[in-house]
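Working notes, beginning with the structure itself.
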There are 2 protein chains.
Amino acid sequence: MAEMNRQFLLNARPVGEVKLSDLRYHETAVIEPGDGEFLVEMQYLAVEPAMRGWMENRGGYMAPLEIGDVMRSFGLGEVVQSRHPQFAVGDRVSGTFGMQTHALANGADSPVSLVDPDIESATYLGVLGVTGLTAYCGMTAIGKPEAGETVLVSGAAGATGSVVGQMAKLAGCRVIGIAGSQVKCDWLSRLGFDEVINYKTEDVDQRIKRLCPNGVDVYWDNVGGDLLDVALNHLAMGARVVICGGISRYNATGPVPGPQNYFNLVFKNALMQGFVVSHYRKMFPEAVQFLKEKLRAGQLQHHEDILDGFEQTPVALQRLFRGENLGKQLVRV
Amino acid sequence: MAEMNRQFLLNARPVGEVKLSDLRYHETAVIEPGDGEFLVEMQYLAVEPAMRGWMENRGGYMAPLEIGDVMRSFGLGEVVQSRHPQFAVGDRVSGTFGMQTHALANGADSPVSLVDPDIESATYLGVLGVTGLTAYCGMTAIGKPEAGETVLVSGAAGATGSVVGQMAKLAGCRVIGIAGSQVKCDWLSRLGFDEVINYKTEDVDQRIKRLCPNGVDVYWDNVGGDLLDVALNHLAMGARVVICGGISRYNATGPVPGPQNYFNLVFKNALMQGFVVSHYRKMFPEAVQFLKEKLRAGQLQHHEDILDGFEQTPVALQRLFRGENLGKQLVRV
């Protein structure tokens, strides 16, 4: 009997919180690679906050995803069959393989990377994956932290936020992280964050006011909503607000209010800039080099939050939006 | 009998629209200049949208203005007495002299400029004053218009907006202006704007959609509110949103909603940057040179909306917030 490819297909455009039923489990026969193709057996899948937008086709910055398509997802696995000159059986590869246990690829339609033998799979998909690239590119191109500056990070215990904070520390900044539990805050302290704020139990506005009498030079926003408004209230002159995500918005069913305090950008000669990491593709090689170097030097800590079993993938996605993950949320297939 | 100095003092922090009674008329004796001082007899006063914020001490980017202080204002006049080595009787000078007919200055506490003999007073205070500087600095440092790009300007028939649009035309851009009357739109067309939108009679969102199928590369925002949200809806990839003013906000009595569509900054890798022109002081010499050159070459048209009589100053201020002015609003003392 042929081996089965297990998949999750997009079943419905999410309304409000992502439901398990927005994805549909499906089995289909594994297809053998044609000429110039290779077959990847997945070992890990990554879930991202951006998936919420992909499921809705929001933003228009990626190819549309239709109902019935295999859900878009990054993954890492092993080449198990190959009719491609550059990818051999046994190679460990990473790419946008979709939410499935087996993927046919040709290395051209969407980029596939060979994974360095000395790097663990989970690390590669986490801090060396889109997460670390996002942190590096956003900080380097927009945040531009300088020694002595104060950097505030929301969603700080997430995969990107934790790298952002550590990069700021490496740049000589004072770093304040905002997260939603004591466990997360404790972890951030262990990572070297100078101060942590638990937004679920503390008055964030008052804490920032006390911690940053001279204002915030770089605010990295993963969440949007009230926290963005509070941060805009405490900008230093010439501040940079990096809009990376808006997880507080993704699950909203109606229109979400915008940042009332945006006009402080005027008084503080400040900028607010958004980005999608794919825009900075040219920066990826230097980003990967930087991240590998810091990893090897032990200067970049990371945590992967791993669920076991392919069938757990939709649950992993829900964990993200409920803020239950610590560091990168992965699924071990 | 000693000559009287007529003044308008800040009488109350405005709530909602600026009322005539928020300023109080006052007379006091003209004081003779001491050593290192000179006396300026005002010929023109300028009113600015920023005055609303100065009256409230908003933003904290300028020295606080207290109830009973002479209202802050730019002005242009003639030196009529001098005990200062660099300013002689008969010199035409411009500076932040306050809303009064006579001002003592020393050229040090706040900068005073000599006005070129070949430039008309109203022009100097308008296009060569804070208005033109604002347009130049904001476009040069933030907007960075490039040939072939599409530039959208709100408050386009105001003093700054009209210069912004013409600068964009000189840079080889396609320029669309938004204004609030047929008279203003007609004037913009005469200035060379490619398209004009009357926001009081047209569906701005639909017009922009039709006029800018590839999106807006630079949006210069003088007004905030709904127009900012609409513009954010039509950004091109890599767009720059220059937040110069928010006149729609200044008269609000309660909290004003923020831009709901700010998250498009992410999808479009776009930036939104605010500024106060004083932040770009170092750029003023090149700005003045550029503006004078273009004025002399006949490549920069301008209009001053002049009310006669010092007592008209509070009325001039109201005209601004009611959108009744065409070009720079001045008072001939």
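Could you tell me the relative contact order of region B:213-279? Use alpha-carbon pairs under 8 Å, at least six residues apart, and round to a whole percent.
Relative CO of region B:213-279 lands at 38 percent.
Label-point separation (nm) for A:Met4 and B:Lys209, each offset 7 Å from Cα along Cα-to-Cβ?
Distance between label points: 4.6 nm.
For a quick check: sort A:Ser110, A:Ser21 by the number of other beta carbons within 10 angstrom, fewest at the front.
So the ranking, lowest neighbour count to highest, is A:Ser21, A:Ser110.
Under 1.5 on a/c is rounded, so check that first for region B:134-278, then, if it is not, pick prolate when a/b is larger than b/c and oblate when it is not; a ≥ b ≥ c are the square roots of the alpha carbon gyration tensor eigenvalues.
Because its axes are fairly even, with a/c under 1.5, region B:134-278 counts as rounded.
Given R₀ = 22 Å, FRET efficiency for B:Ser189-B:Ile119 by Cβ-Cβ distance, to 0.05?
Plugging the Cβ-Cβ distance into 1/(1 + (r/R0)^6) gives 0.25.
Within the P(r) computed for region B:1-54, what percentage of the Cα pairs occupies the region above 14 Å?
Cα-Cα pairs of region B:1-54 separated by over 14 Å account for 67 percent.
Taking every DSSP beta bridge that has both residues in the protein assembly as shown, what percent is antiparallel when rounded to the nearest 5?
About 55 percent, rounded to the nearest 5.
How far is B:Asn57 from the same spot in each other copy, in nm, shortest first, if each label point sits 7 Å from Cα toward Cβ?
Spacings between copies for this position, smallest first, are 5.4 nm.
Pop a pseudo-label 7 angstrom from the Cα along the beta-carbon direction at both A:Asp308 and A:His26 and give the gap in nm to one decimal.
Going from the A:Asp308 label point to the A:His26 one covers 2.9 nm.
Please report the antiparallel percentage of the DSSP beta bridges confined to chain B, to the nearest 5.
Of those bridges, close to 55 percent are antiparallel.
Run the numbers on region A:134-278 and let me know its relative contact order in percent, using alpha-carbon pairs under 8 Å that are six or more apart.
23 percent.
Before rounding to the nearest 500, sum -39500 (n - 2.57) across all DSSP H runs of length at least 4 in chain A and divide by the residue total; then give [θ] at 222 nm in deg cm²/dmol.
Result for chain A, helices only: -7000 deg cm²/dmol.
Taking R0 as 45 Å, what FRET efficiency do you get between B:Ala147 and A:Asp109 from their Cβ-Cβ distance, rounded to the nearest 0.05? Show your work: numbers first, answer last.
Numbers: r = 35 Å, r/R0 = 0.78.
My answer for the efficiency is 0.80.
Suppose every Lys and Arg Cβ carries +1 and every Asp and Glu Cβ carries -1, with no other charges. What dipole size does chain A come out with about its Cα centre, to the nearest 20 debye?
For this selection, approximately 900 debye.
Please name which of B:Pro285, B:Met139, B:Thr150 has its Cα lying farthest along the dipole of chain B towards the positive end, using unit charges on Cβ (Lys, Arg +1; Asp, Glu -1) and the Cα centre as origin.
Most positive-ward Cα: B:Thr150.
Along the positive direction of the dipole of chain A (beta-carbon charges: Lys, Arg +1; Asp, Glu -1; about the Cα centre), which of A:Ala297, A:Ala108, A:Gln182 reaches farthest?
A:Gln182
Please list the non-local residues whose amide H lies under 5 Å from the amide H of B:Gln43, H modeled 1.01 Å from N, same-chain partners needing a gap of 5 or more.
Residues meeting the criterion, in which the H sits 1.01 Å from N, are B:Leu76, B:Gly77, B:Glu78.
What is the distance in Å between the Cα centroid of region B:253-312 and that of region B:82-113?
One Cα centre to the other: 26 Å.
Which of the aspartates and glutamates could a cross-linker span from A:Lys144 if the Cα-Cα distance has to be under 12 Å and same-chain partners fewer than 8 positions apart are dropped?
Within reach: A:Asp217.
Mind listing which GluC sites (Glu not before Pro) in region A:1-68 are in a DSSP loop and have 14 or fewer other Cβ atoms within 10 Å?
Sparse-neighbourhood loop GluC sites (Glu not before Pro): A:Glu3, A:Glu17, A:Glu66.
Assign one of three labels to the protein assembly as shown, namely rounded, prolate or oblate, based on the Cα gyration tensor with a ≥ b ≥ c the square roots of its eigenvalues; rounded applies when a/c is under 1.5, prolate when it is not and a/b is larger than b/c, and oblate otherwise.
Numbers: a/c = 2.64, a/b = 2.18, b/c = 1.21.
Prolate.
Would you mind computing, in nm to one decimal, how far apart the modelled labels at A:Ala88 and A:Val315 are, each placed 7 Å from Cα along Cα→Cβ?
So the label points at A:Ala88 and A:Val315 sit 3.9 nm apart.
When DSSP assigns beta bridges and you keep just the ones with both residues in region B:94-196, what percent turn out antiparallel, to the nearest 5?
That works out to approximately 25 percent antiparallel.
Near the amide H of A:Ile197, under 5 Å away, which other amide H atoms are found, from residues 5 or more places off or on another chain, if H is placed in the peptide plane?
A:Gly177, A:Ile178, A:Ala179
Going by amide H atoms built from the backbone, whose H comes under 5 Å of the H on A:Ala236, apart from near neighbours?
Under 5 Å from the amide H of A:Ala236: A:Val216, A:Asp217.
Between copies, how far does the label point of B:Ala141 sit from its twins, in nm, shortest first, when each point is 7 Å from Cα along Cα→Cβ?
Taking the point 7 Å beyond Cα along Cα→Cβ, the inter-copy spacings are 2.4 nm.
Any idea how far the Cα center of region A:31-80 sits from the one of region A:114-147, in Å?
Taking the Cα centre of region A:114-147 as reference, the centre of region A:31-80 is 20 Å away.
Within straight cross-link reach of B:Lys328, meaning Cα distance under 13 Å, which aspartates and glutamates are found once same-chain residues fewer than 8 apart are removed?
In chain and number order, the partners are B:Glu48, B:Glu304, B:Asp305.
Which whole-number percent of Cα pairs in chain B have a distance greater than 28 Å?
When all Cα pairs of chain B are counted, 41 percent exceed 28 Å.
Would you mind calculating the relative contact order of chain A from Cα pairs under 8 angstrom and at least 6 residues apart, reporting the percent as a whole number?
Relative contact order for chain A comes out at 18 percent.
With respect to the cross-link table entries A:Lys282/B:Lys169; B:Lys19/B:Lys282; A:Lys200/A:Lys294; A:Lys184/A:Lys282; B:Lys184/B:Lys292, which display a Cα-Cα separation exceeding 29 Å?
Pairs exceeding 29 Å: A:Lys282/B:Lys169; B:Lys19/B:Lys282; A:Lys200/A:Lys294; A:Lys184/A:Lys282.
Treat every Asp and Glu Cβ in the protein assembly as shown as -1 and every Lys and Arg Cβ as +1, leave all other atoms uncharged, and give the resulting dipole magnitude about the Cα centre to the nearest 20 debye.
It works out to roughly 180 debye.
Read-outs: derived from the displayed coordinates by stated rules, not from any lab. Predicted, not measured: the structure shown is a model, and the values here were computed from it. Positions of Cβ are backbone-derived with ideal geometry, glycine not excepted, and every protein chain shown enters the neighbour counts.
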